């Protein structure tokens, strides 16, 4: 059911879905470069001016890109499989349904492209837990060139331990620089005309070590404000020391009006010292983003120098968003916009430049788009849709299922849907939240218990139940006409 003005809804089953526009990718068997960054939020993008110039002004930006399960391991498994978390089985980071041990890697985007004659290239962070419990010698199926960080060294930003095609050794240098150098070497190699698929996984701005001067872990040692931070490149440390943490209407809420009793925010409050520490956490994140910004520029410069840019589809995205302050969060996982929404940019042959697409899209859609562009047959049923035909179409509205599971076991925490301006979730332990992001962009007014919105809640609850176990053909893939596209600013 689609929301219209106010609390009214109309039946989605009574509407005619938009026909998929005709589209042919102009390059046969293009190269594909996917750059994944870790925990970068959409609101961090002003601090990556090169990425915005090269990928937004030089390509297509998706302003409502979503990580349906906003957590590192589920998102990476979605990019490998093209599926929602309930289908690929990596529901969290650890536990029986979490991390590397929970994923079957015999039928992925890598194995399919390698079987189709692509060289497949990997560097950086794989699924959480790779390298633990005797797996550091593992070489996952489907990769021609494998250069992965080994947990827990993945989160050591200086000289991380890596498995490079079966050789275990410590890389020398700052992790973003190390992965950039690996990627440049791999995509520059003479491959005798064979196309390549490359996945570059940066760790920044995820938390890690070693803690440096002025970091909360050292500055506020032995207090509750000793928060972990990410680690910026030495040249970037303290670059943004005068930039305060932005305070939004949803930041550090207190009181029943802003904090539903069943919501995760209700369990956490930050005192004055902790808030000072969070200023530093924020500064380190945007400082680490400077290294990512330089890295992306180097990769595109390498493609241009090797005359591959015009036949390469480039994807830049984050695995999940991140919140510091909103809804009393210092992290991700939950259904609020800061956590669900991620940066996503596409650039490549035939794609327009400087276009912002407001249609909701997901990480599984990215995978469907890559398969459509390369013409390779997917090895699994895909839960997403090819985005390329919709880039130049009028903006659309669609249903996006969202869900999260507990960290150590396969118990769901919440599940729901995003639909147009609405976010709706139900908690396993009881209670629901409903927000209209058009009138309440910071999601501070929960409408779930408002009688005026009972029909909306009922509609979205029905869609939640319909799609909670969706897979392949039963995943929501229909689009419905909405507002027109807006040019990039």
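A few points about this structure:
- Only one of the numbered conditions (1) crowded, with 20+ Cβ neighbours inside 10 Å; (2) within 24 Å of the chain's Cα centre (by Cα) is not met by residue 245, and that is (1).
To keep it simple, each residue is scored yes or no on (1) assigned to a strand (DSSP E or B); (2) in contact with a strand residue (DSSP E or B) (Cβ under 6 Å, 6 or more places away or on another chain); (3) free of Cβ contacts under 8 Å to residues at least 24 places away in the same chain.
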{"site": "359", "(1), (2), (3)": "no, yes, no"}
{"site": "367", "(1), (2), (3)": "no, no, no"}
{"site": "377", "(1), (2), (3)": "no, no, no"}
{"site": "402", "(1), (2), (3)": "yes, yes, no"}
{"site": "407", "(1), (2), (3)": "no, yes, no"}
{"site": "415", "(1), (2), (3)": "yes, yes, no"}
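- Test for residue 70: is it outside any helix (DSSP H, G or I), crowded, with 24+ Cβ neighbours inside 10 Å and at pLDDT 95 or above: yes
For (1) in contact (Cβ under 8 Å) with a residue 60 or more places away in the chain; (2) out of contact with any strand residue (DSSP E or B) (no Cβ under 6 Å at 6 or more places or on another chain); (3) within 14 Å of residue 289 (Cα to Cα), each residue gets a yes or a no:
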| site | (1), (2), (3) |
| --- | --- |
| 173 | no, yes, no |
| 185 | no, yes, no |
| 194 | yes, no, no |
| 217 | no, yes, no |
| 239 | no, yes, yes |
| 249 | yes, yes, no |
| 252 | yes, yes, no |
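- Some residue of the range 333-354 being more than 24 Å from residue 21 (Cα to Cα), more than 16 Å from the chain's Cα centre (by Cα) and surrounded by fewer than 20 Cβ atoms within 10 Å (Cβ to Cβ): no
- The test for being touching a strand residue (DSSP E or B) at 6+ places or on another chain (Cβ under 6 Å), surrounded by fewer than 17 Cβ atoms within 10 Å (Cβ to Cβ) and without any contact (Cβ under 8 Å) to a residue 60 or more places away in the chain does not hold for residue 163.
- Scope the range 305-324; condition surrounded by fewer than 21 Cβ atoms within 10 Å (Cβ to Cβ) and assigned to a loop (DSSP other than H, G, I, E, B); matching residues: 306, 307, 308
Matching residues to (1) closer than 30 Å to residue 378 by Cα; (2) surrounded by 14 or more Cβ atoms within 10 Å (Cβ to Cβ):
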{"site": "416", "(1), (2)": "yes, yes"}
{"site": "424", "(1), (2)": "no, yes"}
{"site": "438", "(1), (2)": "no, no"}
{"site": "442", "(1), (2)": "no, yes"}
{"site": "446", "(1), (2)": "no, yes"}
{"site": "457", "(1), (2)": "no, yes"}
{"site": "469", "(1), (2)": "yes, no"}
{"site": "474", "(1), (2)": "yes, no"}
{"site": "481", "(1), (2)": "yes, yes"}
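The values are calculated or read from the model by the stated rules, or taken from the named source; none is laboratory data. As the structure is a computational prediction, the values presented were derived from the model and not from experiment. We place every Cβ from the backbone using ideal geometry, glycine too, and count neighbours over all the protein chains shown.
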